[in-house]
Amino acid sequence: MEATGRAWLAAQGHAAEAQITVSADMRYLGQSFEIETPLEAGWLRAGDREAIAQAFHAEHARLFGHDSPGAPVQIVNLRLVAAAPTPKPCLQRPAPATGPAIPSDQITGWFDGQAHPTPLYPRAALRPGHRLSAPAIVTQDDTTTVIPPGFALQVDPFGNLVITREHQE
């Protein structure tokens, strides 16, 4: 597992930064729950059952305040995580709005049992700085965003739709 994980990280260009952690879900024989126990990869390579069992006893004592050093221990699952730090993404800011948002259509929307003329805005046409008053609907292929009466929508500098309650006096 370790060789596979290191090879995968190397193929991604992260061989030097590889961080390997090994753990096992372990329990005392007959217990109905497991405890994830950190292990040393060397213990597994060497078949050091005593070190593995001692790690479980120590983790059990840490979590529950007691352990049973003479009791048999089971490994239920063995886990290896191969990880490497990755650079933080640089978020691109879309171009700001150069004019008001223009609806593509208008429908009759029903809110709290009342009909309201409701403009439809294509999501792709909204830019940072656009503000929509309620009621309004933003449409796109994978979702629909409804701005009911009493709320407003603002497009933030990164293009996120931020809906807030309008102040009521």
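The values are calculated or read from the model by the stated rules, or taken from the named source; none is laboratory data. Remember, predicted model here, so these are calculated numbers, not experimental data. We place every Cβ from the backbone using ideal geometry, glycine too, and count neighbours over all the protein chains shown. All accessible areas refer to the heavy atoms of the entire protein, side chains included, with ligands and DNA or RNA removed. Shrake-Rupley method; radii C 1.70, N 1.55, O 1.52, S 1.80 Å.
Summary table below
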| read-out | value |
| --- | --- |
| Percent of alpha-carbon pairs separated by more than 16 Å within the stretch 1-45 | 52 |
| Full-stretch length increase - Arg62, Glu2 - with 0.36 nm per residue and alpha-carbon distance subtracted | 18.9 nm |
| Met26, Met1, reordered so the largest accessible area comes first (probe 1.4 Å) | Met1, Met26 |
| Three-way shape label, the stretch 84-169, alpha-carbon gyration tensor, a/c 1.5 | prolate |
| 29 Å tail of the calculated P(r), the chain, as % of Cα pairs | 56 |
| Ile102 versus Gln54: modelled label distance in nm, points set 7 Å from Cα along the beta carbon direction | 7.6 |
| Apportionment of accessible area to carbon and sulfur, the stretch 1-132, percent (1.4 Å) | 55 |
| DSSP-loop chymotrypsin sites (Phe, Trp or Tyr not before Pro) across the stretch 102-169, with at most 11 other Cβ within 10 angstrom | Phe158 |
| Rg/Rg_globular for the stretch 115-159, with Rg_globular taken as 2.2 N^0.38 Å and Rg from C-alpha atoms | 1.10 |
| Global geometry of the stretch 48-121, whether rounded, prolate or oblate, following the gyration tensor of its Cα atoms and the 1.5 cut on a/c | prolate |
| Between 0 and 90°, nearest 10: helix 49-64 axis offset from the chain longest Cα axis | 50 |
| Helix 2-11 axis, angle to the chain major axis (alpha carbon atoms, nearest 10°) | 40 |
| Surface accessible to a 1.4 Å probe, Thr108 within the full protein complex, Å² | 90 |
| Cα-based Rg and Dmax for the stretch 1-95, where Dmax is the largest Cα-Cα distance (Å) | 18.1, 67 |
